[in-house]
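Report on the following structure.
The values are calculated or read from the model by the stated rules, or taken from the named source; none is laboratory data. No experiment lies behind these values; they were computed from the predicted model shown. Don't worry about glycine lacking a Cβ; one is built from the backbone with ideal geometry, like all the others, and counts go over all protein chains shown.
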Amino acid sequence: MIHITIYQNHANECTGFRCIGHSGYADAGSDIICAGVSALVINAINSIEKFTSVMPQLETEAESGLIDCRLKNYSDHDVALLMQSMILGLQGIQKDYGNEFIILDFKEV
């Protein structure tokens with residue numbers, strides 16, 4: 001299962017996220033849930049790096065599927081928009097495929 005935790009401050013601003021695991025929906029290379037989650041997460045990180053002045057702090061580990069992203073300047077409008085877009089896409093996958101394969105939760109930090 002893929003577990004995604006969205007970190008938020010007391011004002012509900014997204015300060016980062018942690019994504020870990022594999023969905024188990026299908027074999028590696030054929031798993032559309034893992035592919036969709038990976039595309040959304042990696043695109044959000046790449047877009048923040050390319051289109052804003054914010055450089056995410058990243059921790060990754062391929063075997064476990066870990067991507068941990070922390071944002072120093074999370075109140076930047078463009079960063080917030082890109083993060084909300086990623087969250088919307090992840091919520092869509094969760095809605096379509098259910099909690100058996102992807103869990104998305106929010107944690108105040």
Counted residues in segment 61-87 being of a type in the set (S, T, N, Q) and either modelled with pLDDT under 95 or crowded, with 17+ Cβ neighbours inside 10 Å (or both) come to 3
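Condition check ((1) within 20 Å of Gln94 (Cβ to Cβ); (2) without any contact (Cβ under 8 Å) to a residue 60 or more places away in the chain) across all residues:
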residue	(1), (2)
Ile20	yes, yes
Asp31	yes, yes
Gly36	yes, yes
Ile42	yes, yes
Phe51	no, yes
Met55	no, yes
Ile67	yes, yes
Tyr74	no, no
Does Leu90 satisfy the criteria of being surrounded by 18 or more Cβ atoms within 10 Å (Cβ to Cβ), of a type in the set (A, V, I, L, M) and touching a helix residue (DSSP H, G or I) at 6+ places or on another chain (Cβ under 9 Å)?
yes
Residue hits (segment 22-35; buried (at least 20 other Cβ atoms within 10 Å of the Cβ) and within 18 Å of Glu61 (Cα to Cα)) are Ser23, Cys34
If we keep only residues of segment 5-21 that are surrounded by 13 or more Cβ atoms within 10 Å (Cβ to Cβ) and more than 14 Å from Gln84 (Cα to Cα), then the residue farthest from the chain's Cα centre (by Cα) is Gly21
Exactly one of Leu58, Leu40 is crowded, with 19+ Cβ neighbours inside 10 Å and either of a type outside the set (A, V, I, L, M, F, W, C) or closer than 23 Å to Met1 by Cβ (or both), and that one is Leu40
